[in-house]
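The numbers here are math on the coordinates, done by the rules we state, and not lab data. As the structure is a prediction and not an experimental result, all values here were calculated from the model. Cβ: placed from backbone, ideal geometry, glycine included. Neighbour counts: every protein chain shown.
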Amino acid sequence: MTGKMYSPLQNWLLTILKVPPEPQPPAGSPGSVRVFRAGRNYFRLRLFGWGVGQLFALAGIVFWLVMFVQIEAEAKRRKQTATEVQPMTADSFAKEIEAFAKEAGRQDQPEGKRRRGIFVGWGAFKEALTRFATRLPDEVFPFIWFFKVTGILIYLAQIPVTYFLRRLDFEMRWYIVTDRSLRLRSGVAKVQETTMSFANLQQVELHQNPIQRILGLGDVRVQSAGGGSSAGKGEGNGEDSMHRAHFHAVDNAQEIRDLILERLRRFRQAGLGDPDDHHHGEDHTGPPPSPQPVGSALDAARELLAEARALRTVLR
């Protein structure tokens, strides 16, 4: 999918789902905002898994298509040579498979044939399907072909759709760090956004599995007060997920960890708290405000005396 085609589709989907193209920075000075994204190798890894799944699905479609073509051709050939065809029920079909399976597993067969028992068993299953198809009316085969073609069209149609969803999921991952807090957002259909203040931050961890080390990726996990231990708990389980943030599959995990630790250290040294708490604590903490300074009482008395003398002189 080219960029010219992808961008309009992305904008259209984000508009329909009312998802902002990017999150707003959390509390902090504007000059301290740092934005991180998931590593490009993470998208390549997900794209590789998507491609492998598509190849397996295509191989299955081709295999069964060839199988049905062979069965249909053999069933029509047998119908032309047979004098009378008995209808097959579900019970008789099951008995056919069981009989051929027993035949394939006979102990008096040559050892080489017994080693190929799985292939012989599959041949028995194919033979049972052929006998079943032989007893079907000719009008059924066009419906079978209709479902075959429909399945192929559905497979072809889902390729660009699933690729688009993989790419959009990768691009809609935002990790923002300021000097006071951090904000993480991911998802399109279900948007998950987490905001944490450094006032509540307790633990910062760096994780890498073997595949991530090969691809130069890593995870940074941040835990706030009240989250408890994350050992043995999956991501997003219960209330504890509200106290954890996950920088998933970033290619600069160590830089992010060091940045958070450094800003957390400065935050604590400055003695800053949550900016939302300042207005609530002004009237209850700290010493009472000192009175405003006033003029000397002596100077005020002298000024008053001088004015009185001047008034008396005028009245005379």
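Quick look at the numbers
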{"item": "Sequence ranges 213-220, 128-135, ranked by mean other-Cβ count within 10 angstrom, highest first", "result": "128-135, 213-220"}
{"item": "Proximal charge balance of ARG263 [Cβ under 13 Å; K/R count +1, D/E count -1]", "result": "+2"}
{"item": "Within-13-Å neighbourhood charge of GLY31 [Cβ basis; K, R +1; D, E -1]", "result": "+2"}
{"item": "Förster-model FRET efficiency, 25 Å R0, GLN254 and ARG44, C-beta, rounded to 0.05", "result": "0.75"}
{"item": "Virtual spin-label span in nm between GLN269 and TYR155, 7 Å along Cα→Cβ", "result": "6.2 nm"}
{"item": "Theoretical gain in end-to-end length, GLN192 to GLN70 [0.36 nm per residue, Cα-Cα removed]", "result": "38.9 nm"}
{"item": "Table column - 3J(HN,Hα) (Hz), segment 150-155, Karplus curve with 6.51, -1.76, 1.60, x for Gly and Pro", "result": "4, x, 5, 5, 5, 4"}
{"item": "Ranked ILE176, ILE61, criterion: other C-beta atoms within 10 Å, fewest first", "result": "ILE61, ILE176"}
{"item": "Tensor-based shape of segment 29-83 (alpha-carbon gyration tensor, a/c under 1.5 rounded, otherwise prolate or oblate)", "result": "prolate"}
{"item": "Loop GluC sites (Glu not before Pro), segment 123-173, which have at most 11 other Cβ atoms in a 10 Å radius of their Cβ (DSSP)", "result": "GLU139"}
